[in-house]
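Student: One structure, pasted below without further comment.
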Amino acid sequence: MISKRYFSVLYIFLFLASNLLAQHNFVLVLDAGHGGRDPGAVGAISQEKNINLAVSLKLGALIEKNHPDVRVIYTRKDDTFVPLMDRARVANQNRANLFISIHSNSATNRNAVGTETFVLGTSRTQSTRESVMRENAVILLEDDHETRYEGFNPNDPSSLIMFEFMQNRYRDNSIEFAAMVQHHFTNDLNRVNRGVKEGEFLVLLHSATPAVLIELGFISNLEEERFLHSERGQRQLAQAISDAFDTYKREHDRRSGIASARPSAVANESNNAAQTPVFKVQIFSSRTILRANDRNLRGLQNFEFHHENGLYKYTTGRSSNFTEIQALRNELQTQFPGAFIVAFLGDRKISVAEAQRMLNQ
């Protein structure tokens, strides 16, 4: 006869095992901005809420297909109004590993184009402040917003001062993913890169996890709106974000000591890429994130940055051929006299000599 003690021990074992498995389950929350009675920005042929939802659903489907160990949760899957606080609560209650809020931009300047990805921080430009105030203004549609948000007024710039004092423990990871998103938008889709930026978005503030807000493009620009509204454009944007997630998730698993659970074909492709060193040209370092049009970039369009030893290190170029990258460095030295070559194996920085040995160059 099996004793009660046996069942107690078995229960404890199963409880611990289930918790261990849960810890290995990556939780991603996808937030399609606006919805329901809140259309977001309105263009000539579309509404922002519909673009955001279409891209979010396509993105979720791609990630579910490529990452069976990832649990994808949506703040909305249809045309529903969801308060900002509730969107963040979905991430917090499910102990999300990453929160992605999808939006489409708008500006009074009809010529404004390009993608930008925000992390929590303090706005430094007027255009960013306008974007932040527009996105945060959705709380005015909530019946009890004065109570829920403790008197916060999205139309009052002085209300944003509180963000100066916020400390975000997830900042580095948020910046890391944001940079990956912008890299794929620029390199894969040839979209105008407006860079990684900081903003006082309430939906990011209340999310206790690495979190980004992605502006897919400008619905106020008719040409860009057509791309955002099209099935092709939405599919390409979702694919670019999915590719960024692939890299981010692989690095997350490496740091956590978790074996990849991706399908073999996709995993083999990623492993092959990770095993091939690449050279880049580092042009300078900065203690802060630079805007895409920052004078220090001197008009450079295609660039990346990584965070190392408290600095944001900006690079350009990417090749496994040392001669090619050397030629690029020589070409750039007039603009960037201190430019030099660095090497990476996947997301890990290695010495140039080690990369050359691996490539037999």
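Student: Taking H placed 1.01 Å from N in the peptide plane, check which residues at least 5 places from residue 113 or on another chain put their amide H under 5 Å from its amide H.
Tutor: HN-HN under 5 Å from residue 113: empty list.
Student: Reported to two decimal places, what Rg/Rh ratio describes region 275-359 when computed on Cα atoms with Rh from the Kirkwood expression?
Tutor: With Rg and the Kirkwood Rh in hand, the quotient comes to 0.96.
Student: What is the extension gain from residue 295 to residue 230, computed as 0.36 nm multiplied by their sequence separation minus the C-alpha to C-alpha distance, in nm to one decimal?
Tutor: Additional length available on full extension: 20.0 nm.
Student: OK, next. Quick one: which of 293-299, 172-178 comes out on top by average Cβ neighbours within 10 Å, and what's the full order, highest first?
Tutor: Descending mean neighbour count gives 172-178, 293-299.
Student: Assuming a ≥ b ≥ c are the square roots of the Cα gyration tensor eigenvalues, decide whether region 26-101 counts as rounded (a/c under 1.5), prolate (otherwise, with a/b larger than b/c) or oblate. If you can, show how the numbers build up before the last one.
Tutor: Values: a/c = 3.04, a/b = 1.49, b/c = 2.04.
Taking the square roots of the gyration eigenvalues as a ≥ b ≥ c, region 26-101 is oblate.
Student: Then there's this: If r is the Cβ-Cβ distance from residue 350 to residue 25 and R0 is 45 Å, what FRET efficiency results, to the nearest 0.05?
Tutor: Values: r = 31 Å, r/R0 = 0.69.
Once rounded, the FRET efficiency stands at 0.90.
Student: On a 22 Å Cα-Cα criterion, which of the cross-link pairs 65/249; 280/313; 65/349 come out too long?
Tutor: Numbers: 65/249 14 Å; 280/313 11 Å; 65/349 30 Å.
Too far apart for the 22 Å limit: 65/349.
Student: Sorted by packing (mean other beta-carbon atoms within 10 Å per residue), highest first, where do 300-306, 45-51 land?
Tutor: Ranking, from highest mean packing down: 45-51, 300-306.
Read-outs throughout are calculated quantities, based only on the coordinates presented, and are distinct from any laboratory measurement. Keep in mind that this is a model prediction, so the values were computed, not measured. Every residue, glycine as well, gets a Cβ built from its backbone with ideal geometry; the counts of neighbours run over all protein chains shown.
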